[in-house]
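Peer 1: This structure is in structure tokens; I'll ask about it shortly.
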Amino acid sequence: MNKPAAPSGLSDVRPRGGAQFLKFAAVGATATCLHYTIYLVLVMQLGVKPGLAAAIGASFGACVVYLLNRRYTFATQRAHRETIPRFVALSVLGALLNGAIVGWLSGIGLHFLLAQVVATVFVLFINYFVSKKWIYR
């Protein structure tokens, strides 16, 4: 059975495979830059304590990740009431997994920065897969 043609010559513009993953990674990089910018401004310019500033920056970053991935990376129409709780659950799981990986790798002698890089890459792939198959599908 053939798939019906898109109206007015338009095609499905949602990225697939590698292109979609690159968009996902770019969204994450954008959110990380925002997180760090807010963090630095709050600490260095406004005198906010680093722990609170990090939490505020991470919260803004998470909002950017959610909204951009929802619209730009996965182009979903799924209701926010379904996607937001799933996104929050994945974010918490990702943070815990990241901490566990860094703790384990640094505990067996890997430099803490290298341990963080390994954890970041691992969690990035987990987040992409879960986002694609469960959150935004």
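Quick note: the coordinates plus some simple rules give every number you see, no bench work behind them. Quick caveat, the model's predicted, so the values are computed rather than measured. Methodologically, a virtual Cβ is constructed for each residue, glycine included, from the backbone with ideal geometry; neighbour enumeration extends over all protein chains shown.
Peer 1: Has the range 115-136 got at least one residue that is touching a Lys or Arg at 6+ places or on another chain (Cβ under 6 Å) and among the β-branched types (V, I, T)?
Peer 2: Checking the range 115-136: at least one residue is touching a Lys or Arg at 6+ places or on another chain (Cβ under 6 Å) and among the β-branched types (V, I, T).
Peer 1: Ok, one more. Please specify each residue of the range 60-90 satisfying the condition of being surrounded by 13 or more Cβ atoms within 10 Å (Cβ to Cβ) and among the small types (G, A, S).
Peer 2: Matches in the range 60-90: G61, A62, A75, A89.
Peer 1: Which residues, taken from the range 15-51, are in a helix (DSSP H, G or I) and loosely packed, with under 12 Cβ neighbours inside 10 Å?
Peer 2: Listed by number, the residues that qualify are G17, G18, A19, A29, M44, Q45, P50, G51.
Peer 1: Quick test for you: out of R137, R70, R86, pick the one residue that is farther than 18 Å from A31 by Cβ and touching a residue at least 24 places away in the same chain (Cβ under 8 Å).
Peer 2: Numbers: R70 fails: farther than 18 Å from A31 by Cβ; R86 fails: farther than 18 Å from A31 by Cβ.
After applying the criteria, what remains is R137.
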